[in-house]
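Asks: One structure, as structure tokens, below. Some questions next.
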Amino acid sequence: MWLTAIVLHESVFRTTDLPVDARFEAWVERMGSTHAPMRLTSDRAADYRGHQRVIGLGDVTVWPATFDQLVFHRTPKLVRQSDPESYHLSLLLKGEGAADWGRQQAAYRTHDFHINSSSQSWEVHTGSDPVTVVGVEVPRALVAVPGHRADQVLGSLMSGREGIGALLAQFLRQLVADTSAYQPSDAPRLGTVVADLVTALFAHTMDAGPLVPQETRGRTLTLEAKTFIRRHLGDPDLTPEGVAAAHHISRSYLYRLFQAEGLTVASYIRDQRLEHARRDLADPRLRALPIHVVAARRGFPRAAEFTRAFRTAYGVPPSEVRAQSLVEGQGA
């Protein structure tokens, strides 16, 4: 019997699936339906190359794409004709670009966020080489910052290398890299995470933290704490107290954040250590690494303690997972 995996809804569009003379017009239509109606021009229009995936997350849409040189024009006339009232963010992963809002301009490097609003006119240019981006469409109503203030971030340089920008960028890259781990029921929750991080990024940029709802701040802080934990799994002294101190909050408040998700901080640290150790043991590239070294790298300095915890979590000893990965590697 064949079993079909139930995953997030995702559509894929490639201009190369179309006749050459229809490619650019189809890309224009695709961009208009993904974000908002725009007038597009390109030096490569005669044989345009573009590839886009659209991932639906409830009211939020994420779309990784790679495409040839392009100029986007969102004109005042198009704004009057059709306004989906959304914010658009593009995380630039490869290439270069620049934007013009009339009153100000901005140039973007890789791992910067470009941000615009469907309710305003603008012009965006990409460089001569193809660009790779992760686009995000978030309804204005989901960005829990007053609109007149949220619009202040348009044109601001927002980096995806540090702070909340790095947190959002990491989440987006991880999401688009592999959606097979998620089910359709996860989509609205993932969309909420994206909207919360966008809200936090806007608020941070305009220093409007107190305007962000407490619930949004809490979810963002929980995600920051989880990211910190995953980055420090190899530290055997990683504790809830250390996590709380790193985020300048009390231990009791950290506990409440995790309790809101049905978790404890200590169990999350343990489970993440075990899961990363399991992945390492199943990785054929690490087969020469002794099991006790794998354990130590993931925060288990005592091999016996690691073996007990691993068997309790997975029902088999670490050596069996390693042996199975070797057999599968030889078969491949």
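Asks: Quick check on residue 203: is it open to solvent by less than 30 Å² (accessible area, probe 1.4 Å) and without any contact (Cβ under 8 Å) to a residue 40 or more places away in the chain? Full working, then the answer.
Replies: Details: open to solvent by less than 30 Å² (accessible area, probe 1.4 Å): yes; without any contact (Cβ under 8 Å) to a residue 40 or more places away in the chain: no.
No; evaluated as a whole, the condition is false for this residue.
Asks: Under the condition of being at pLDDT 85 or above and either among the charged types (D, E, K, R) or touching a Cys at 6+ places or on another chain (Cβ under 8 Å) (or both), which residue from region 137-172 is surrounded by the most Cβ atoms within 10 Å (Cβ to Cβ)? Give the steps one after another, and end with the answer.
Replies: Step one: list which residues in region 137-172 are at pLDDT 85 or above, which gives 137-143, 159-172.
If we keep only those that are either among the charged types (D, E, K, R) or touching a Cys at 6+ places or on another chain (Cβ under 8 Å) (or both) too, we end up with 137, 140, 161-162.
Working: 137: 21, 140: 17, 161: 11, 162: 10.
For region 137-172, the residue satisfying everything is 137.
Conditions (1) of a type outside the set (D, E, K, R); (2) farther than 28 Å from residue 143 by Cβ; (3) surrounded by fewer than 15 Cβ atoms within 10 Å (Cβ to Cβ); (4) modelled with pLDDT of 90 or more, marked per residue:
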position	(1), (2), (3), (4)
11	yes, no, yes, yes
15	yes, yes, no, yes
19	yes, yes, yes, yes
23	no, yes, no, yes
47	no, yes, yes, yes
51	yes, yes, no, yes
55	yes, no, no, yes
60	yes, no, no, yes
72	yes, no, no, yes
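Asks: For region 188-200, name all the residues that are among the hydrophobic types (A, V, I, L, M, F, W, C) and either under 10 Å from residue 164 (Cβ atoms) or open to solvent by 10 Å² or more (accessible area, probe 1.4 Å) (or both). Before the answer, list the steps.
Replies: The initial filter retains those residues of region 188-200 that are among the hydrophobic types (A, V, I, L, M, F, W, C), namely 190, 193-195, 197-198, 200.
Hits for region 188-200 are 190, 193, 197, 198, 200.
Asks: Something else about it: Of all residues in region 71-105, count the ones that are of a type in the set (Ser, Thr, Tyr) and touching a helix residue (DSSP H, G or I) at 6+ places or on another chain (Cβ under 8 Å).
Replies: First, the residues of region 71-105 that are of a type in the set (Ser, Thr, Tyr): 75, 82, 86-87, 90.
From what's left, touching a helix residue (DSSP H, G or I) at 6+ places or on another chain (Cβ under 8 Å): 86-87.
Final tally of qualifying residues: 2.
Asks: Quick one: count up the residues across region 21-49 that are assigned to a helix (DSSP H, G or I), without any contact (Cβ under 8 Å) to a residue 60 or more places away in the chain and out of contact with any Leu (no Cβ under 7 Å at 6 or more places or on another chain).
Replies: Result for region 21-49: 13.
Quick grid of which residues meet (1) on the phi > 0 side of the Ramachandran plot; (2) touching a Gly at 6+ places or on another chain (Cβ under 9 Å):
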{"residue": "248", "(1), (2)": "yes, no"}
{"residue": "252", "(1), (2)": "no, no"}
{"residue": "256", "(1), (2)": "no, yes"}
{"residue": "259", "(1), (2)": "no, no"}
{"residue": "279", "(1), (2)": "no, no"}
{"residue": "290", "(1), (2)": "no, no"}
{"residue": "309", "(1), (2)": "no, no"}
{"residue": "324", "(1), (2)": "no, no"}
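Asks: Moving on. Of these, 275, 261, which one is over 18 Å from residue 312 (Cβ atoms), without any contact (Cβ under 8 Å) to a residue 60 or more places away in the chain and either touching a strand residue (DSSP E or B) at 6+ places or on another chain (Cβ under 7 Å) or of a type in the set (Asp, Glu) (or both)? Break it down stepwise before answering.
Replies: Values: 275 fails: over 18 Å from residue 312 (Cβ atoms).
Only one candidate passes the filter, namely 261.
Asks: Any idea which residue in region 75-118 is farthest from residue 164 (Cα to Cα), counting only those that are among the polar types (S, T, N, Q) and open to solvent by less than 40 Å² (accessible area, probe 1.4 Å)?
Replies: Within region 75-118, the subset among the polar types (S, T, N, Q) is 75, 81-82, 86, 90, 104-105, 110, 116-118.
Next, from what is left, pick out any that are open to solvent by less than 40 Å² (accessible area, probe 1.4 Å): 75, 86, 90, 116-118.
Working: 75: 31, 86: 20, 90: 15, 116: 18, 117: 20, 118: 23 Å.
Going through the qualifying residues, I end up with 75.
Asks: Same structure, new question: Do the conditions hold for residue 132, that is, is it under 15 Å from residue 54 (Cα atoms), modelled with pLDDT of 90 or more and hydroxyl-bearing (Ser, Thr, Tyr)? If you could, list the steps in order and put the result at the bottom.
Replies: On the way: under 15 Å from residue 54 (Cα atoms): yes; modelled with pLDDT of 90 or more: yes; hydroxyl-bearing (Ser, Thr, Tyr): yes.
It is true that residue 132 is under 15 Å from residue 54 (Cα atoms), modelled with pLDDT of 90 or more and hydroxyl-bearing (Ser, Thr, Tyr).
Asks: Among the numbered conditions (1) within 24 Å of the chain's Cα centre (by Cα); (2) open to solvent by less than 50 Å² (accessible area, probe 1.4 Å), tell me where residue 286 comes up short.
Replies: Result: residue 286 fails condition (1) only.
Asks: A follow-up question, please. Is it the case, given these coordinates, that residue 223 is assigned to a helix (DSSP H, G or I) and open to solvent by 30 Å² or more (accessible area, probe 1.4 Å)? Show your work before the answer.
Replies: Values: assigned to a helix (DSSP H, G or I): yes; open to solvent by 30 Å² or more (accessible area, probe 1.4 Å): yes.
The answer is yes for residue 223.
Asks: Test each condition in (1) of a type in the set (A, V, I, L, M, F, W, C); (2) open to solvent by 40 Å² or more (accessible area, probe 1.4 Å); (3) within 28 Å of the chain's Cα centre (by Cα) for residue 229 and report the one that comes out false.
Replies: Among (1) of a type in the set (A, V, I, L, M, F, W, C); (2) open to solvent by 40 Å² or more (accessible area, probe 1.4 Å); (3) within 28 Å of the chain's Cα centre (by Cα), the lone unmet condition for residue 229 is (2).
The values are calculated or read from the model by the stated rules, or taken from the named source; none is laboratory data. None of these values were measured; they are calculated from a predicted model. With ideal geometry, Cβ positions are generated from the backbone for all residues, glycine too; neighbour counts draw on all protein chains shown. SASA here: full protein model, heavy atoms, side chains in, ligands and nucleic acids out. Shrake-Rupley method; radii C 1.70, N 1.55, O 1.52, S 1.80 Å.
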